[in-house]
Structures are given as structure tokens and as C-alpha cells.
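Notes follow once the structure below has been shown.
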Amino acid sequence: MKAVRLTELGGPDKLHVETVADPQPGPGQVCIKITRAAFNRRDVFITQGLYPAIELPRTLGSDGTGTVAALGTDVRDIAVGSAVVIDPQIGWSDRTFHASKGMSILGMPLDGTFAEYVTVPAENVYARPLPLSDDEAAAIPLAGLTAYRAVFTRGHIVKDDIVLITGVGGGVQTFVLLFAKHAGARTVVTSSSDAKLERARQMGADVTINSKTSAAWHKEVRSASDGGPTLVVDSSGGETLAKCLEVARPGARVVIYGGTGGDTTIRPYSIFWKHLDVLGTSMGSPTDFRGMLALFAAGLRPVIDRVYRMEQCAEAAQRLLIAEQFGKIVLAIA
Ligand SMILES: NC(=O)c1ccc[n+]([C@@H]2O[C@H](COP(=O)([O-])OP(=O)(O)OC[C@H]3O[C@@H](n4cnc5c(N)ncnc54)[C@H](OP(=O)(O)O)[C@@H]3O)[C@@H](O)[C@H]2O)c1
């Protein structure tokens, strides 16, 4: 089969298509014929060597949709030929956390979805939400799951919340905006790009602020949110996170799932004096995944930035690297 492989580190240009052996489903596993996959920033980080425990060569990709091609022994209740999406988080039961022993993720350290076929445990295979196209179904697994857990399971969003979403152009953050609007909350979003802010307005963002042209963007956030957001969802890290803590309203929840911009210095005062709840989160449990799928089965639609052919994998990853995208970048496998 054809697969997008990484054999050496050095950035997105190191991604290339190779012919490798077809995977065979072992006991309890399902082999999926992938039609569409999608990028996450972790794929780019991996090409740069900015990810723990990298093992090469490897087929990248955590997100994928397709049809069931073959079943291993002991697999029941899944029909060959049915349309499915894959939960990329392997071995997470509802009683454990992501960091627990025995967990794994498709696309590193396991071979992933940027290939014509992938094998996964049967419990990671879910019926594809009917309203979604192939491109849309490929876009939802990892980013939709992370956003769902951040907004609902950890953030406990309510309709009276004023939600700050930083770097709204990101794959996960577009889902956060989608879910926050679905919950009926008011949203204040930031981005480094006016064009992305316009896209966010079209999605229903209530207040949009350019964080690149306005050094004091956090002060604009405060005045636009009646004294500060009650819920913050951030993956930028760095100075952005420090400003989020400064601007959050007393009693707010600050949910963090990433740190694209690196580390920062945090003033303890900004947390304890305001009784902030600072909440870490990573991907999600099977219950989170089912909750996320239910929202898309009921009619929500993810945001697709562009669709690339498999042979354009390096170009697609480059677009993510320089943060030009708004929403998810999809890879057409078949
Ligand atoms: N813990 C988890 O389970 C989990 C799951 C998914 C992602 N993550 C992490 O969350 C972060 C976002 O992931 P993603 O897949 O949504 O990424 P993405 O699609 O590449 O989005 C990143 C966005 O972050 C903003 N940004 C802020 N600071 C940036 C910087 N220094 N360089 C580039 N972009 C910056 C940009 O928004 P604007 O252009 O609008 O300003 C950019 O579009 C990554 O750090 C990723 O590793 C963690």
C-alpha cells in the first residue's frame, strides 16, 4: 500500500509517499481502508523532532475515516464495508487519564492514518456520523475530541459563559468555537490574522480581536467581556497564556491543552487572588468521543481549510507550520 512516511527528522519536507506492506488485523483488531485523513499540529511537531519518544521510520496521521476492509478474530458487531471514523487514542478506558501507562496514539508511536490501510483495536472504530462528508468525517477525531473534553468535560461550559478562545484559526480552536456557540455562550476570539477573524465571525464569534496588531489585546478582551471571560480555552501557551490568566474574571476556569508558543512565567497572584481554576486536558475518553460524535450526528459541521492529495503531504504540513490554515487540513488518500 501507499503511505506517508517519515524516515528522518528535519521538518515537513521530510514527509514522502512510500510503498509499504499492507497491515493485517490481529485478534480484536479491524483493518480500515482509509479514504480521507487529516493533519494535526503534532504531525508537524513530529517531523521537527519536537515530540517525545519518536521512533522512525513511521507512518504519520492520527485522524482518519474510511470503510472496514477486514476483521481480526474475535471482532463482532462491525460489518465489513461499513463507513467508520477512528478514535486515535488507543487504550484509554473511562477510568484512566491520557498519561496512564499502556496508552498510545495513532501516528506516533503507532503507524497512523496517512496510508491506504490502518489496523486499530475494534473498540476504536465508530460508525461515521451520517450528515458528514468524507472530508468532514476525517477532520473531527483528534481535534474534535480534544475540543469536546476541553469545553464540556473539563470546562463545564454553560450558556451564561463568556468564553475566550485564543488563536482561533487552529484546528482544535475552530471546534472550540463551534461547541461554545452550540452551548449558547458568548465568545471572544483572538487571532494573528484579520482574514481568520472574519471566518470566525461567519461562524458566530461575537467579538474578534487581532492579537498581532494589538499588543494590549488582553485589555480589549477585558473590556469586551464585562470585566473578563468566565471560561478561557488556550493552546498557544507562552506569553498568551500569561495574558489569559491576567484577564480571566475572578472564579473563571482556564482550560489548557497545548503550548505552541512555548513556556512562560506565570504570576501566582494572578491565579490565587482570583480563585481561578486552571485545568489541563489532553484528547479524551471513549465517553468524550461518543459525546463529540453525537454533536456531529445532530448536525454540527467541522471547518475544513483545504484538501490536499497524498503526494502533497509536505506542502500540506508546511501550511500548518506557518499557521496559514483556518480549520482542518485534509489529506485525500482514495
Ligand atoms: N493535549 C492534546 O491532547 C492536544 C490535542 C490537539 C492539539 N494539541 C496542541 O494544541 C496546539 C494546537 O493544535 P492544533 O492541531 O489545533 O494546531 P494548529 O491547527 O496548527 O493551530 C495552531 C494555531 O495556534 C495559533 N498560534 C498561537 N501561537 C502560535 C505560534 N507560536 N505558532 C503558530 N501558531 C500559533 C495560531 O492561530 P491564529 O493563526 O488564529 O493566530 C494557529 O493557527 C498544539 O500545540 C498541539 O500540539 C494538544
Using DSSP loop states and a limit of at most 14 other Cβ atoms within 10 Å to flag GluC sites (Glu not before Pro), what is the longest stretch of the chain containing no flagged site? 56-334
Roughly how tilted is helix 286-297, in degrees to the nearest 10 and between 0 and 90, from the longest Cα axis of the chain? 80 degrees
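Quick one: of the DSSP bridges fully inside the chain, what percent are antiparallel, nearest 5?
Taking every DSSP beta bridge within the chain, about 55 percent pair in antiparallel fashion.
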Going by amide H atoms built from the backbone, whose H comes under 5 Å of the H on residue 90, apart from near neighbours? 104, 105, 106
Cα centre as origin, Lys/Arg/Asp/Glu Cβ charges: region 145-280 dipole, Debye: 140 debye
Leaving out same-chain residues fewer than 8 places away, which lysines sit with a Cα under 24 Å from that of residue 181? 159, 196, 219, 243, 328
Lys, Arg +1 and Asp, Glu -1 on Cβ, resulting dipole of the chain about Cα centre, debye, nearest 20: 700 debye
Under 5 Å from the placed amide H of residue 70, counting only residues 5+ away or on other chains, we find 31
Once phi is turned into θ = phi - 60°, what whole-Hz ³J(HN,Hα) does the Karplus curve with 6.51, -1.76 and 1.60 give for every residue of region 129-146, x standing for Gly and Pro? x, 4, x, 8, 6, 4, 4, 5, 5, 5, 6, 8, x, 6, 6, x, 5, 4
Bins of 10 Å from zero: percent of alpha-carbon pairs in the chain: 6, 27, 34, 23, 9, 2
Given the DSSP H assignment, sum -39500 (n - 2.57) over each helix run of at least 4 residues in the chain and divide by its residue total; what's the result at 222 nm in deg cm²/dmol, nearest 500? -7000 deg cm²/dmol
Hits in region 109-148: amide N under 14 Å from the 7 Å Cα→Cβ extension of residue 22, namely 116-119
How large is the Kirkwood hydrodynamic radius of region 145-280, in angstrom, based on all distinct alpha carbon pairs? 14.3 Å
With unit charges on the beta carbons (Lys and Arg positive, Asp and Glu negative) and the dipole taken about the Cα centre of the chain, which residue among 112, 272, 91 sits farthest to the positive side? 272
Of all DSSP beta bridges with both partners in region 145-280, the antiparallel percent, nearest 5, is 0 percent
Backbone HN-Hα couplings from phi across region 166-172 [Karplus 6.51/-1.76/1.60, Hz, Gly and Pro as x]: 8, x, 5, x, x, x, 5
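Just so you know, all these numbers are worked out from the coordinates, no wet-lab data involved. Computed from a predicted model, the values in this text were never measured in an experiment. No Cβ is skipped: glycine too gets one built from the backbone with ideal geometry, and neighbour counts run over all protein chains shown.
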